[in-house]
Structure formats: C-alpha cells, structure tokens
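The values are calculated or read from the model by the stated rules, or taken from the named source; none is laboratory data. It should be emphasised that the depicted structure is a prediction, and the values quoted were computed from it without experimental measurement. Every residue, glycine as well, gets a Cβ built from its backbone with ideal geometry; the counts of neighbours run over all protein chains shown.
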Amino acid sequence: MADLRIASIARGKKISFSVNGKFYDAYEGEFLHAALLAAGYRMLRKTAKKNQPRGIFCGMGVCNDCLVTINGVSNQRACMTLVEDQMEIQLDE
Amino acid sequence: MNKPYRIVIVGSGLAGMAAADLLSRYGLHVLVADDNAHTGGQLLRKALYTEKGQGRFKTDWVKRHGFKLAERLKQSSIQILNGTQVLGIYPEHSILLETPDGRTSEHRADAIILATGAREKQIPFKGWSLPGVMATGAAQILMKSSGILPGRKTLIGGNSPLMLVLAAEILANRGHVQAVLDQSTIAGKLKSVAAQPSVIPKIIEAVAFFARLVAARVPYKQGLSIVEARGSNQLEEVVVARLDNTGSIIQGTGQIFPTDTLAVGYGFVPNIELSQQAGCAVSYDVDKGGWYVEVSNTMTTSVNNIYAVGEVNGIAGGGKSLVDGQIAAWDLLCKQGIVDLKTCKKQIQPLIRQRNRQLRYGRFLNRFCQLPPHSFASIPDGVTVCRCEEITMGDIRKQLSNGLATMNSIKRATRCGMGNCQARTCGPILSEIISALAEKPPTAIGCTSARAPVKAVSIDSLARMNSDNSDVGNTGNLV
C-alpha cells in the first residue's frame with residue numbers, strides 16, 4: 001500500500017511496533033488504528049459468530065469493531081489507544 | 001466536617017470544557033473524566049492543526065476558542081482524567097470510573113455535568129461491516145489525530161454535512177477523493193428545510209467546499225444510494241444506484257466504483273446512554289437528532305444536581321456546546337451561593353438567546369440529514385443491522401411479523417443491541433426501522449434501556465475495584 005502518512009505533518013519520534021511478530025515503523029502521537037492502517041492492516045479481526053472481517057468503523061471508541069490484542073490483553077479498542085514503542089499487537093488472520 | 005463541594009464533568013469536549021473553565025475560575029473543585037486520550041472532544045481532535053506546518057484543516061471561531069479553552073484547562077488546577085470510562089452513576093451521585101490503569105473506582109460527587117457528546121448516524125447496506133467502510137468522522141479523525149489518510153482513494157457517500165468537509169480535507173492534505181455521492185438531492189433538502197438566516201453562513205461554507213471539489217475535478221452526484229460494499233476480507237468495490245421507494249434499483253442507474261475506502265455518514269445522534277442510566281428523562285425529536293436528554297433553561301435534567309450540556313441535549317454543533325457549558329456552570333455557581341441570583345440571571349439570559357439561535361441551526365442540520373422511512377423499511381433481509389451480535393434485517397422483520405413492535409421487545413427477542421457497543425450503533429437505526437415498518441412514531445416504540453456498566457469493561461477491571469473513594473486510580477487525590 002502506498003504511504004498514507006500526510007507528508008506536510010511533522011511527526012513525533014519514530015518508534016517500532018509489531019503485528020503478529022512482524023515489525024513496523026510508527027510515530028509517537030499516532031493512534032494504533034491509524035498506525036495499523038498505515039502499515040497496511042485493514043482487517044483487524046474476525047467476528048466470533050459469523051467469522052466476518054472487521055476493521056476501523058467509527059474511529060471514536062463507540063462501535064467496538066477495531067478490537068485487537070495489545071501486549072497480550074485482548075479486546076482493546078485500537079482507535080482509543082496511542083501506539084507505543086515495542087507494542088505487540090495480535091490480529092486475527 | 002466540611003467536605004469541599006465536588007463536581008464531576010463527564011466529557012471534555014467543548015461543553016465540558018466550557019463548564020469546567022468557568023467553575024474552576026470561581027475556585028470550585030472539578031474533576032473531568034473523558035474516554036479519549038486527548039482533551040477537546042471530537043471537534044478539536046488533538047492539535048495537529050494548531051501548529052505551523054501541521055496539515056491543512058479548517059478552523060473556525062468555535063474551534064479556535066476550543067483550543068484556547070483546552071490550553072487554559074491544562075494550566076489550571078482542574079483534574080482531567082483522559083482515557084477514563086464512566087461506567088455508571090448511582091443514587092447519591094456515586095460514579096463508577098475505569099481509569100487507563102485498568103482499575104475501576106467509585107467516587108462521590110455533589111453535582112454532575114454530563115457532556116457526553118454525539119456520534120454519527122448510519123444506515124445499514126450490504127457489506128457495511130467490511131474493513132475499508134468507515135464513518136465520515138472516522139476518516140476525519142485518522143487525518144486530524146494521526147495525520148494518516150483514510151485510503152489511497154476515498155469514495156464518500158451518505159447525506160451528512162461532513163461529506164463535503166471530509167472531501168475538502170482529504171484534497172487539502174493531498175489525498176485522492178474518488179467521488180462524493182449524496183443520497184439526497186439539493187432540491188429535496190431545500191424543500192424539507194425552511195431556510196433561515198442562521199444557516200446562511202453554513203450554506204456559504206458548503207459552497208466554498210463545493211468549489212474545491214470542482215477545482216479538483218471530483219465528481220459530485222445526487223440521489224445515489226450505497227447498495228453494496230464488496231470485497232473478500234476488505235473493501236474492493238462499491239455498488240451505487242438510484243433506488244425507488246421499495247429499495248429496488250432503478251434500472252440503468254447502477255454504477256460500480258473500485259475503491260479501498262468508503263466513508264459514509266447520515267448525520268448525528270446524541271450519546272444519551274449514561275444520562276439514561278443515571279435516570280435522566282429522555283425524549284425524541286427529529287429536530288434534535290433523535291433521542292435526547294431533556295433539560296431546563298439552565299441545563300438541569302430531571303435528576304437533582306445532574307446537568308446535561310452540549311450535543312447530548314440536542315444536536316446543534318459546537319457553538320451551542322460552548323453556551324450550554326457556561327449556562328450550567330452559572331446555575332451551579334448561583335446554587336452554591338458563589339454568585340448572586342441577579343448576576344447569574346444577567347449572565348445566563350444572553351446565553352439563552354444565543355442558544356435559541358443555535359437550536360434553530362440544529363433544526364436545519366438535523367432535518368438536512370433526515371432519511372425518509374422507506375429508506376429503513378426497504379433494507380434487504382440479508383443485511384446485518386446489529387454489527388456486534390450480527391443480527392440481520394430478516395431477524396428483525398421476523399419478530400415484527402410475530403407482533404413485537406417496541407425497542408426493548410425486539411432487543412430481547414433478537415439480541416439486536418445487546419453486544420459490545422450496547423446499541424450505540426444499531427439502536428438509532430433499529431428505532432427508525434421499527435418506526436417505519438410498524439408505522440408508529442419513535443416515542444410509541446420507546447428507547448432501549450441503558451444499564452450500568454454502560455461501556456464495555458473487563459471482569460478483571462471490575463475485580464480490581466478501588467474501594468477508597470477519594471482516590472482515582474494512581475492519579476492522586478480528587479481534592
């Protein structure tokens with residue numbers, strides 16, 4: 001995927017986070033759902049009942065679609081979490 | 001023992017900040033709890049565009065004022081808890097909070113100001129839960145809070161006033177907008193809305209946004225509905241068409257847009273759940289965005305010492321939120337004997353006049369986004385309505401044909417609205433669906449009840465409940 005980061009915006013410190021064991025760059029101040037999107041992850045999980053793919057929907061903590069596992073803690077809203085250096089993310093594949 | 005008077009404000013958007021600012025200037029102890037990582041609510045969404053060279057976003061006087069407030073709050077003695085969910089409000093104004101350290105704790109408040117804001121309204125279509133389909137607000141937030149474009153190319157649909165704003169912001173930040181597809185028509189909108197002087201600036205604004213679309217050669221089409229979002233694990237293409245009153249595609253109007261991102265929105269609804277749970281009376285009014293919290297002229301709710309300010313008592317934009325917060329604060333200051341009744345009245349009266357003007361703008365805004373009942377009645381059976389519990393339109397139709405026709409009965413029979421989001425996404429949709437199919441007004445169908453915890457919380461977090469009700473997590477003393 002082409003770089004989705006807006007060029008004119010000055011970013012925070014460059015950091016590194018992992019998704020299912022693969023490492024990606026991100027910048028301090030970015031929200032996790034945005035950092036995941038920039039890393040090319042649109043699907044964040046599959047639903048328990050019907051195994052349907054889900055990603056970012058409301059982007060403001062309301063819909064609970066973007067639930068991911070952060071540092072071993074499941075069901076965290078990616079859109080309400082700031083990405084941190086060495087954060088480990090687990091997504092459904 | 002003389003305990004200090006404690007005020008808890010839920011929400012640090014414009015309304016919450018305006019109230020907190022005024023109360024703290026008179027020396028009152030204020031605690032602000034907000035689910036978000038940053039202070040300022042959805043309108044400010046972090047200061048990416050307050051510093052030079054930080055992206056290109058529209059700012060108006062409301063936002064500029066908001067940023068000033070946020071800065072002043074940061075310098076003040078007000079305790080702001082970011083990343084904190086308010087799970088419930090119990091009798092005697094005991095408040096249950098979950099702090100970002102993953103602990104819950106109970107706190108006493110003498111007065112509570114609910115400033116819980118609004119969320120976007122949606123209408124389900126086939127594939128609307130596919131990754132890549134997102135709310136117009138979500139697309140804006142990605143850019144404003146994180147400086148990341150929503151996609152390589154973005155198709156924008158729905159009937160929200162945010163559509164044009166989003167398109168302009170994507171273009172200004174060198175992104176690609178594929179097309180803007182307005183479900184309604186300008187002629188239809190003008191017919192349904194009695195134009196008023198208060199909306200003229202907004203119309204001028206819309207024209208300016210429109211001019212940017214034209215300059216960037218972005219197609220703008222009217223009367224087109226989103227029929228289906230397709231893709232295997234993420235969005236690949238979107239089917240759009242003109243629909244008749246039964247939801248059938250009018251022959252020859254169908255079009256397919258290959259795209260990775262679809263941003264959709266259909267206006268806004270107040271976030272009433274916490275107020276409802278606290279026992280505040282709610283009511284329904286199309287002009288206010290649907291179900292809203294009833295307030296008096298001084299922003300008091302039906303529950304003693306609980307105020308509701310901003311979008312939660314009726315959608316009308318940030319200007320009204322700033323005014324509401326101040327009115328509630330003046331009323332509280334008067335009741336506490338800090339300012340006399342005469343001063344209080346003198347302060348509140350002009351604010352009420354401003355508020356009435358803003359409510360008229362809100363009426364325009366909400367009617368602008370109102371979809372006709374057949375849009376809801378014609379949702380196909382296979383379409384998911386409740387995204388959390390994966391309940392389809394067919395599931396709901398079946399229960400309606402069994403004779404059920406209230407929000408709570410359909411909810412119990414289908415589990416629609418009983419998932420993680422607690423009906424925040426599907427609740428307003430279900431209300432419109434039942435209303436359209438049963439041909440009854442929303443007030444006859446009722447509103448789903450809200451119980452604590454009103455936000456998803458882990459058992460682990462509840463188990464680690466902090467029994468000392470004067471401390472908040474590890475952030476120090478409340479007073």
Practice task
Would you mind stating whether B:GLU228 is under 27 Å from A:ILE56 (Cβ atoms), within 14 Å of chain A (Cβ to nearest Cβ) and at pLDDT 90 or above?
Solution key: no
Problem - Test for B:SER283: is it in contact with a strand residue (DSSP E or B) (Cβ under 7 Å, 6 or more places away or on another chain), assigned to a strand (DSSP E or B) and more than 30 Å from B:GLY382 (Cα to Cα) - result: yes
Practice task
For B:LEU114, state whether it is buried (at least 24 other Cβ atoms within 10 Å of the Cβ), facing chain A (nearest Cβ under 9 Å) and farther than 12 Å from B:GLY265 by Cβ.
Solution key: no
Exercise for the section: List the number of the failed condition for B:SER129; all other conditions in (1) at pLDDT below 95; (2) crowded, with 21+ Cβ neighbours inside 10 Å; (3) in contact with a Lys or Arg (Cβ under 8 Å, 6 or more places away or on another chain) hold. Expected result: (1)
Practice task
Output the qualifying pairs, or none if there are none: Cβ atoms under 8 angstrom, residues six or more apart or on different chains, first residue in segment B:435-457 and touching a residue at least 60 places away in the same chain (Cβ under 8 Å), second residue of a type in the set (D, E, K, R) and surrounded by fewer than 19 Cβ atoms within 10 Å (Cβ to Cβ).
Solution key: B:LEU437/B:ARG397
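Taking A:GLU28, is it surrounded by fewer than 20 Cβ atoms within 10 Å (Cβ to Cβ), acidic (Asp, Glu), more than 9 Å from chain B (Cβ to nearest Cβ) and within 13 Å of the chain's Cα centre (by Cα)?
So A:GLU28 does not fit the description; no.
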Practice task
Filter segment B:28-55 down to residues that are farther than 21 Å from A:CYS79 by Cβ and modelled with pLDDT under 90 and give me whichever is farthest from the other protein chains (Cβ to nearest Cβ).
Solution key: B:THR50
Problem - Filter result (free of Cβ contacts under 8 Å to residues at least 24 places away in the same chain and either more than 7 Å from chain B (Cβ to nearest Cβ) or on the phi < 0 side of the Ramachandran plot (or both)) within segment A:52-67 - result: A:GLN52, A:PRO53, A:ARG54, A:GLY55, A:ILE56, A:PHE57, A:CYS58, A:MET60, A:VAL62, A:CYS63, A:ASP65, A:LEU67
Exercise for the section: Could you check B:LEU262 against (1) away from every other protein chain (no Cβ under 14 Å); (2) assigned to a strand (DSSP E or B) and say which number it fails? Expected result: (1)
Handout entry: Every residue from segment B:132-161 that is crowded, with 24+ Cβ neighbours inside 10 Å and farther than 27 Å from A:GLY12 by Cβ
Key = B:VAL133, B:LEU155, B:ILE156, B:GLY157, B:GLY158, B:ASN159, B:SER160
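Of the residues B:CYS447, B:CYS421, B:CYS416, which single one is touching a strand residue (DSSP E or B) at 6+ places or on another chain (Cβ under 7 Å), assigned to a loop (DSSP other than H, G, I, E, B) and within 14 Å of another protein chain (Cβ to nearest Cβ)? If you could, list the steps in order and put the result at the bottom.
Numbers: B:CYS447 fails: within 14 Å of another protein chain (Cβ to nearest Cβ); B:CYS421 fails: touching a strand residue (DSSP E or B) at 6+ places or on another chain (Cβ under 7 Å).
Step by step, each of B:CYS447, B:CYS421, B:CYS416 is checked, and only B:CYS416 is touching a strand residue (DSSP E or B) at 6+ places or on another chain (Cβ under 7 Å), assigned to a loop (DSSP other than H, G, I, E, B) and within 14 Å of another protein chain (Cβ to nearest Cβ).
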Practice task
Could you please find all residues in segment B:237-275 being of a type in the set (Asp, Glu) and without any contact (Cβ under 8 Å) to a residue 40 or more places away in the chain?
Solution key: B:GLU237, B:ASP244
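Could you please let me know if A:ASP25 is over 28 Å from B:VAL385 (Cβ atoms), in contact with a strand residue (DSSP E or B) (Cβ under 7 Å, 6 or more places away or on another chain), assigned to a loop (DSSP other than H, G, I, E, B) and modelled with pLDDT of 95 or more?
On the way: over 28 Å from B:VAL385 (Cβ atoms): yes; in contact with a strand residue (DSSP E or B) (Cβ under 7 Å, 6 or more places away or on another chain): yes; assigned to a loop (DSSP other than H, G, I, E, B): no; modelled with pLDDT of 95 or more: yes.
Considered against the rule, which asks whether it is over 28 Å from B:VAL385 (Cβ atoms), in contact with a strand residue (DSSP E or B) (Cβ under 7 Å, 6 or more places away or on another chain), assigned to a loop (DSSP other than H, G, I, E, B) and modelled with pLDDT of 95 or more, A:ASP25 comes out as no.
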Completion exercise
Within segment B:258-277, restricting to residues that are closer than 23 Å to B:ALA456 by Cβ and not aliphatic (A, V, I, L, M), the one that is surrounded by the most Cβ atoms within 10 Å (Cβ to Cβ) is B:SER275
Practice task
Kindly provide the set of residues from segment B:217-230 that are assigned to a loop (DSSP other than H, G, I, E, B) and in contact with a strand residue (DSSP E or B) (Cβ under 7 Å, 6 or more places away or on another chain), ordered by number.
Solution key: B:VAL218, B:PRO219, B:LEU224
Exercise for the section: Quick one: A:LYS49 ticks every box in (1) surrounded by 20 or more Cβ atoms within 10 Å (Cβ to Cβ); (2) at the interface with chain B (Cβ under 7 Å from one of its Cβ atoms) except a single one, so which number is it? Expected result: (1)
Exercise for the section: Search segment A:2-20 for residues being in contact (Cβ under 8 Å) with a residue 24 or more places away in the chain and within 7 Å of chain B (Cβ to nearest Cβ), and hand back the single one that is surrounded by the fewest Cβ atoms within 10 Å (Cβ to Cβ). Expected result: A:ARG5
Exercise for the section: Hey, could you check segment B:425-444 for residues that are surrounded by fewer than 23 Cβ atoms within 10 Å (Cβ to Cβ) and outside any helix (DSSP H, G or I) and say which is farthest from the other protein chains (Cβ to nearest Cβ)? Expected result: B:GLU439
Handout entry: Residue satisfying condition, being away from every other protein chain (no Cβ under 13 Å) and charged (D, E, K, R), within set B:ARG108, B:ARG119
Key = B:ARG108
